[in-house]
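Before any comments, here is the structure.
The values are calculated or read from the model by the stated rules, or taken from the named source; none is laboratory data. Keep in mind the model is a prediction, meaning the values are calculated, not measured. When we count neighbours, we look across all protein chains shown, and the Cβ atoms used for this are built from the backbone with ideal geometry, even at glycine. Ligands, DNA and RNA are excluded from the accessible area calculation, which covers all protein heavy atoms including side chains. Shrake-Rupley method; radii C 1.70, N 1.55, O 1.52, S 1.80 Å.
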Amino acid sequence: MIWWLKARRVRSVVLGGLGLFLVALAVLQDAVVDLPSFVTSSANPVLFVLMAPVPVCAALMTALESRLAEAEETGTRNVPLLDAALILATVASAVAVGGVLGLAVDSGAAQAAGRNVAFLTGLMLCVRTVAGSTAVMAPVGWIFAVIFLALPGQGRADLWAVLPEPAGHAPAAVASATALAAGLALHLTLGSRNGERPHVP
């Protein structure tokens, strides 16, 4: 267990990503900026905090790609399952951080940010099964697609966007849970494609 924690750089990388997430939420809160849209001539008010999940996603990808190949290939522990537990713990921590901070500073955007971490992490894990470590760009790509394509004006996002929806938006919550579940399922079943060995009892 100790070698796995060290290999995944949990303290330095994962906790660091969560720390940056917390700082971003505390600083940005509900601040907006007007950005152009590719689908309308008017400017769109975009929440800065939409970018807050990126450090968490990047930290998770860095952790998952940090391996001790010989130890993992010869060991008896189910490494993909340990990694799945790390992913769930990190996402749960982000949801908790966003929820607590959002309530403390009365920021709906901060409360929704944890849900967005879950959605973008699931998306990243799904893409990782075919793109490897370059999947770290999937959350960034989705965020920019939302900004430039899914906000037709006055912040009314298309349903597929998920990220701009308020914290209590049920379809966005379902989409996030589904994306995370799909990503974890693919991680556990196709982990060997990313250099991980399936568990042998």
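Some notes on this structure:
- Filter result for the condition that a residue is modelled with pLDDT of 90 or more, open to solvent by less than 30 Å² (accessible area, probe 1.4 Å) and outside any helix (DSSP H, G or I), over L151, L184, L180, L163: L163
- For L123: the one exception among (1) at pLDDT 95 or above; (2) in contact with a Pro (Cβ under 6 Å, 6 or more places away or on another chain): (2)
- For segment 110-128, filtered to residues that are of a type in the set (A, V, I, L, M) and buried (at least 24 other Cβ atoms within 10 Å of the Cβ), the residue that is nearest to A161 (Cα to Cα) is L120.
- Looking at T76, T129, just one residue is part of a loop (DSSP other than H, G, I, E, B), of a type in the set (S, T, Y) and at pLDDT below 95, and that residue is T76.
- Some residue of segment 98-109 being part of a helix (DSSP H, G or I), within 14 Å of the chain's Cα centre (by Cα) and not aliphatic (A, V, I, L, M): yes
- Restricting S93, S66, S37, S107 to residues that are closer than 22 Å to T178 by Cβ and either open to solvent by less than 50 Å² (accessible area, probe 1.4 Å) or at pLDDT 90 or above (or both) narrows the list to S93.
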